[in-house]
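*Asks:* One structure is given below, represented as structure tokens, and several questions about it will come after.
The values are calculated or read from the model by the stated rules, or taken from the named source; none is laboratory data. The model shown is predicted, which means the values in this text are computed figures rather than measured ones. Don't worry about glycine lacking a Cβ; one is built from the backbone with ideal geometry, like all the others, and counts go over all protein chains shown.
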Amino acid sequence: MTSEEAYFADSIKYTTNLGTMYATSAGVVGPTIALTADGWTAWVSHTTTPKTCVIFVGSTAIAPATKEGTPTCK
């Protein structure tokens with residue numbers, strides 16, 4: 001979330017490609033980012049667990065998240 005919002009602050013738009021602005025640990029799948037009309041959604045998972053975690057900014061929720069800016073895992 002921090003990297004996406006920092007990109008927005010610099011570019012006045014969101015992106016699906018944060019490049020080297022963040023680093024993930026071994027086994028992490030994603031993040032997969034999708035742009036929406038007024039923000040973005042993202043999900044991430046890990047190879048050692050069946051859980052997926054999601055977050056959204058804007059009015060387009062992504063299940064199981066229901067509160068903007070709050071990561072939720074299922």
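Residue by residue, here is whether (1) basic (Lys, Arg); (2) out of contact with any helix residue (DSSP H, G or I) (no Cβ under 9 Å at 6 or more places or on another chain) holds:
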position	(1), (2)
Thr15	no, no
Gly27	no, yes
Gly30	no, yes
Val44	no, yes
Lys51	yes, yes
Pro64	no, yes
Gly69	no, yes
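*Asks:* Looking at (1) over 12 Å from the mean Cα position of the chain (by Cα); (2) surrounded by 15 or more Cβ atoms within 10 Å (Cβ to Cβ), which one does Asp38 not meet, given that it meets all the others?
*Replies:* Every listed condition holds for Asp38 apart from (2).
*Asks:* Looking at Ala9, is it under 22 Å from Ser59 (Cα atoms) and either modelled with pLDDT of 90 or more or in a strand (DSSP E or B) (or both)?
*Replies:* yes
*Asks:* Still on this structure: If Ala34 satisfies every condition in (1) in contact with a Gly (Cβ under 7 Å, 6 or more places away or on another chain); (2) closer than 18 Å to Ala63 by Cβ but one, which is the exception?
*Replies:* The failed condition is (1).
*Asks:* Determine whether segment 43-66 contains at least one residue that is surrounded by 13 or more Cβ atoms within 10 Å (Cβ to Cβ), of a type in the set (S, T, N, Q), touching a residue at least 24 places away in the same chain (Cβ under 8 Å) and touching a strand residue (DSSP E or B) at 6+ places or on another chain (Cβ under 7 Å).
*Replies:* Taking every residue of segment 43-66 in turn, at least one turns out to be surrounded by 13 or more Cβ atoms within 10 Å (Cβ to Cβ), of a type in the set (S, T, N, Q), touching a residue at least 24 places away in the same chain (Cβ under 8 Å) and touching a strand residue (DSSP E or B) at 6+ places or on another chain (Cβ under 7 Å).
*Asks:* Now for a separate question. Quick check: is even one residue across segment 16-32 among the β-branched types (Val, Ile, Thr), surrounded by 14 or more Cβ atoms within 10 Å (Cβ to Cβ) and in contact (Cβ under 8 Å) with a residue 12 or more places away in the chain? Show your work before the answer.
*Replies:* Start the filter on segment 16-32 by keeping residues that are among the β-branched types (Val, Ile, Thr), which leaves 16, 20, 24, 28-29, 32.
Those still in the list that are surrounded by 14 or more Cβ atoms within 10 Å (Cβ to Cβ) too: none.
For segment 16-32, residues among the β-branched types (Val, Ile, Thr), surrounded by 14 or more Cβ atoms within 10 Å (Cβ to Cβ) and in contact (Cβ under 8 Å) with a residue 12 or more places away in the chain: absent.
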